[in-house]
Amino acid sequence: GDPGAFEILYRKYYERIHILAKGILLDSDDAADTVQEIFTLVYRNLPKFDRRSRFSTWLFRVAVNRSIQQVRSLKFKRRWTELDERIPAPEVNESLIEPRVALAMEKLPPDDRAILTLFYWEELSLNEIAESMGIQMNAAKTRLYRARERFRHYYEVEA
């Protein structure tokens, strides 16, 4: 209930949650909107946090779930552009990811992007990923393996 304490949590985790959301959503603006929703959900549900796991694990789980929900809802959203409106230049890739990597990531399903982002960008252990995604450790290993294989396919064959 202490707004000052929540502000500290917000500052501490904002960048990591934004990177995670962007890794799943592949768009900075959508990621920024989703991060605000994530922290709103966390603030509202903080009393429900049962402290059986670390706060960061719980926060990552909320972030992964909300980001995947958002990417699924955006999938069906139609984006219209007026004919006389200029299409903006492609977004500058702030993370300096190799273009082939970014292209391969775009082709992956959101769940694969989530697990790869947690493992490679957030550098979470398989146990932490399992907790964050609400799955068993063996399932996390299997999902990571399969996501790597799909990534490799897109990176080597189609990129």
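For the range 53-98: of the residues being of a type in the set (S, T, N, Q) and assigned to a helix (DSSP H, G or I), which is modelled with the lowest pLDDT?
Among residues in the range 53-98 that are of a type in the set (S, T, N, Q) and assigned to a helix (DSSP H, G or I), the one modelled with the lowest pLDDT is 73.
Scanning the range 19-41 for residues that are closer than 11 Å to residue 63 by Cα and open to solvent by less than 30 Å² (accessible area, probe 1.4 Å) gives 20, 21, 24, 31, 34, 35, 38, 39. Residue count for the range 99-151 under the criterion of being in a helix (DSSP H, G or I), out of contact with any helix residue (DSSP H, G or I) (no Cβ under 8 Å at 6 or more places or on another chain) and not aromatic (Phe, Trp, Tyr): the result is 6. Within the range 116-159, being among the aliphatic types (A, V, I, L, M), open to solvent by 50 Å² or more (accessible area, probe 1.4 Å) and over 29 Å from residue 51 (Cβ atoms) holds for one residue alone: 157.
Residue 113: at pLDDT 90 or above, of a type in the set (Lys, Arg), under 23 Å from residue 38 (Cα atoms) and surrounded by 11 or more Cβ atoms within 10 Å (Cβ to Cβ), yes or no? Against the criterion (at pLDDT 90 or above, of a type in the set (Lys, Arg), under 23 Å from residue 38 (Cα atoms) and surrounded by 11 or more Cβ atoms within 10 Å (Cβ to Cβ)), residue 113 qualifies.
The values are calculated or read from the model by the stated rules, or taken from the named source; none is laboratory data. All figures in this text were calculated on a predicted structure; none of them were measured in a lab. Virtual Cβ from ideal backbone geometry, glycine too; neighbours counted across all protein chains shown. The protein model used for the area step is the full one, side chains on, heavy atoms only, and it has no ligands, DNA or RNA in it. Shrake-Rupley method; radii C 1.70, N 1.55, O 1.52, S 1.80 Å.
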